[in-house]
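What follows is a single structure, written as structure tokens, with notes after it.
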Amino acid sequence: MSIFHFAFNVTDLDATRAFYGGLLGCTEGRSTDTWVDFDFFGHQLSCHLGTPMAVAATGLVGDHKVPMPHFGIVLPFEQWRALADHLTAQGVDFILAPQTRFKGEPGEQSTMFFTDPSGNPVEVKGLADMAGAFAT
């Protein structure tokens, strides 16, 4: 088994802990006074103090422009739905509210976009059939 590692900059570790640990429920791993690791749905995020990456809504997907670059996770649909309901109940300000796109096509997916407190865009996709992640 392999896990993905992504290291990126954030502006405030306390706000980052509240977001990834508190809101998203990610378990905190190792940390220092300048970075913190999280178990992001089985993958490793390393959040380091610094200037976040530049982001622009340049990715055209279907009828929507989405922020680039962005990162995220693909979840089984039921887990995605539970997270979407939780984030909606918590009043998350979505860039792209929870919705399904490519209905009835290969790669049909539910998706949502939001940002962490440092402005890093996060996408969470949900698939009824995880094999569809690479559908053509």
Could you look through the stretch 73-112, keep only residues that are small (G, A, S) and within 18 Å of A135 (Cα to Cα), and pick out the one that is modelled with the lowest pLDDT? G107
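Just to be sure, is A15 touching a residue at least 12 places away in the same chain (Cβ under 8 Å), more than 29 Å from D129 (Cβ to Cβ) and among the hydrophobic types (A, V, I, L, M, F, W, C)? First the steps, then the outcome.
On the way: touching a residue at least 12 places away in the same chain (Cβ under 8 Å): yes; more than 29 Å from D129 (Cβ to Cβ): yes; among the hydrophobic types (A, V, I, L, M, F, W, C): yes.
The answer is yes for A15.
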Report yes if some residue within the stretch 88-102 is basic (K, R), touching a strand residue (DSSP E or B) at 6+ places or on another chain (Cβ under 7 Å), in contact (Cβ under 8 Å) with a residue 12 or more places away in the chain and within 16 Å of F113 (Cβ to Cβ); otherwise report no. yes
Hits in the stretch 42-78 - residues which are under 16 Å from the mean Cα position of the chain (by Cα) and β-branched (V, I, T): V55, V66, I73, V74
Members of the stretch 81-136 that are more than 23 Å from Y20 (Cβ to Cβ) and of a type in the set (G, A, S): G104, G107, A128, A131, G132, A135
Among the strands (runs of 3 or more DSSP E) lying completely within the stretch 1-70, list those that include at least 3 residues that are out of contact with any helix residue (DSSP H, G or I) (no Cβ under 9 Å at 6 or more places or on another chain) and loosely packed, with under 14 Cβ neighbours inside 10 Å. 5-10, 56-61
Sole miss for Q109 among (1) in contact with a Leu (Cβ under 6 Å, 6 or more places away or on another chain); (2) closer than 23 Å to S2 by Cα; (3) of a type outside the set (A, V, I, L, M) is condition (2)
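The values are calculated or read from the model by the stated rules, or taken from the named source; none is laboratory data. Given the structure is predicted, the values throughout are model-derived calculations rather than measurements. When we count neighbours, we look across all protein chains shown, and the Cβ atoms used for this are built from the backbone with ideal geometry, even at glycine.
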